[in-house]
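K.L.:
My questions all concern the structure below.
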Amino acid sequence: MNLHEYQGKEILSSFGVRIQRGMVAQNAQEAVAAAKQLTSETGTSWHVIKAQVHAGGRGKGGGVKLAKNLKEVEEIAGQIIGMDLVTPQTSAAGKRVHQVLVAEDVYYPGETETSEFYVSVLLNRGTGRNMIMYSTEGGMDIETVAEETPHLIFTEEIDPNTGLLPFQARRVAFNLGLSGLAFKEMTKFVTNLYTAYVKSDSSLFEINPVLKTSDNLIMAVDAKVTIDDNALYRHKNYVDLRDVREESAIEVEAGELGLNYVDLDGNVGCMVNGAGLAMATMDLIKQAGGEPANFLDVGGTADAARVEAAFKIILKDPAVKAILINIFGGIVRCDRVAQGVIDAYKNMGTINVPIIVRLQGTNADIAKELIDNSGLAVMSATEFQEAADKVQEVLA
């Protein structure tokens with residue numbers, strides 16, 4: 001579950017991580033009120049207006065701007081709220097902005113120059129350990145840093161038996177070139193950040209930039225936080241942070257129906273039971289010259305109601321030119337799945353795209369006979385290659 005910047009910062013702050021303070025606003029008037037309150041609480045005279053969408057690169061798309069007075073706060077907030085923000089991480093259509101974060105200006109003049117760093121915490125899937133990734137090149141896309149100056153990216157792997165050790169936090173601060181108060185601040189920042197990551201059951205904490213202020217304080221100016229959905233039962237207070245407006249409407253609907261669905265950009269809809277078989281099916285579609293339009297795992301109970309729900313979800317995508325149903329009958333019998341397909345087809349009426357059904361496993365021969373004798377415009381297959389050939393045929 002992805003969070004907005006202001007939500008991620010709230011979690012960070014609850015674990016003692018210093019953040020750039022701010023208030024969320026739904027319209028220009030609320031933004032002005034937030035700016036006034038921030039000024040009274042923090043003394044800031046300038047304000048940063050940030051679009052709140054689940055996408056990076058907001059500044060490049062015009063979603064982050066500096067306001068030097070209340071009139072500019074109102075004007076900028078009015079411009080950003082309601083816009084379709086296009087960034088390198090959105091589609092060409094962009095994402096609609098429903099709210100902004102009005103934040104304090106933390107780039108104030110002082111005894112030293114400000115510095116920006118990159119710090120993230122995530123799982124290193126190669127080693128099975130959590131890892132802190134960090135760089136002196138804050139404010140830049142980490143992908144660009146990795147490509148052009150990989151020697152400026154450092155990592156610190158955490159032993160799960162000991163957790164983050166003090167010397168590791170100090171090493172992060174040392175590699176970032178800090179000293180004095182800034183060094184102490186960074187070790188505290190990294191320690192609290194890692195604690196927040198673990199205790200919130202997150203899969204990603206990315207802070208870009210982490211700012212060293214002119215008075216040597218360390219704070220999170222941005223926050224990209226992803227919570228592990230599987231751990232939400234332990235964090236009931238996080239469930240309400242989900243913003244379905246930022247998610248694919250089809251994926252949200254599929255989730256409500258209990259289907260594991262991911263929307264893709266192809267032309268062949270997939271209906272499969274089991275994640276591994278779903279991945280193999282997408283490879284099959286590519287091999288046949290098509291592109292998968294979705295990942296859809298109907299699970300082990302592919303009855304008529306579930307198959308019908310899956311059909312409806314797949315057919316919401318106008319790009320779908322064919323549907324491939326690929327079911328392995330281990331837990332569920334193939335003849336029951338075949339009957340479910342037939343019943344769902346009849347309940348829905350005419351389906352205007354070709355359907356290929358490959359059923360393999362228990363009672364696969366009976367299932368093929370049911371499909372072939374149904375009188376419906378459904379093609380059956382028993383082998384992978386046979387199914388691929390039929391996909392290729394209907395796409396041609």
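The values are calculated or read from the model by the stated rules, or taken from the named source; none is laboratory data. The shown structure was predicted, so the numbers you read here are calculated from the model rather than taken from an experiment. Heads up, the Cβs are rebuilt from the backbone with ideal geometry, glycines too, and the neighbour counts pull from every protein chain shown. Surface areas here come from the heavy atoms of the whole protein model, side chains and all, with no ligands, DNA or RNA. Shrake-Rupley method; radii C 1.70, N 1.55, O 1.52, S 1.80 Å.
K.L.:
Per residue of segment 100-107, in order, report the coupling 6.51 cos²θ - 1.76 cosθ + 1.60 (Karplus, θ = phi - 60°) as ³J(HN,Hα) in whole Hz, putting x for Gly and Pro.
P.N.:
Listing the rounded values in order: 10, 9, 9, 10, 6, 7, 10, 9 Hz.
K.L.:
In addition: Taking all protein chains in place and a 1.4 Å probe, what share, in percent, of the accessible surface of the chain do carbon and sulfur account for?
P.N.:
50 percent
K.L.:
Could I ask something else about it? Given contacts defined as C-alpha pairs under 8 Å and at least six residues apart, what's the relative contact order of the chain, whole-number percent?
P.N.:
Value for the chain: 12 percent.
K.L.:
Would you mind telling me the antiparallel percentage of the DSSP bridges in the chain, rounded to 5?
P.N.:
70 percent
K.L.:
Continuing with this model, one more query. Please state the shape class of segment 8-105: rounded when a/c is under 1.5, otherwise prolate if a/b exceeds b/c and oblate if not, all from the C-alpha gyration tensor.
P.N.:
Taking the square roots of the gyration eigenvalues as a ≥ b ≥ c, segment 8-105 is oblate.
K.L.:
Which whole-number percentage describes the relative contact order of segment 149-217, with Cα contacts under 8 Å and a sequence gap of 6 or more?
P.N.:
27 percent
K.L.:
Given an 8 Å cut-off on Cα distances and at least 6 residues of separation, report the relative contact order of segment 255-396 as a percent.
P.N.:
Relative contact order of segment 255-396: 24 percent.
K.L.:
Might you tell me the accessible area per residue for segment 248-396, computed with a 1.4 Å probe and given in Å²?
P.N.:
On a per-residue basis, segment 248-396 sits at 45 Å².
K.L.:
Determine, at each q value in 0.24, 0.28 (inverse angstroms), the log₁₀ of I(q)/I(0) that the Debye formula gives when each Cα of segment 1-45 is one equal point scatterer.
P.N.:
Reported log10 I(q)/I(0), two decimals: -0.93, -1.02.
K.L.:
Between (1) 1.21; (2) 0.93; (3) 1.03, which matches Cα Rg over 2.2 N^0.38 Å calculated for the structure shown?
P.N.:
Entry (1).
K.L.:
Pick out, in residue order, every one of the GluC sites (Glu not before Pro) in segment 332-396 that is DSSP loop and has at most 11 other C-beta atoms within 10 Å; say none if there are none.
P.N.:
Passing both the DSSP loop test and the Cβ count: E383.
K.L.:
Below 26 Å, Cα to Cα, which lysines can K9 reach? Residues fewer than 8 away in the same chain don't count.
P.N.:
Partners within reach: K36, K50, K60, K65, K68, K95, K184, K188, K199, K212, K224, K236.
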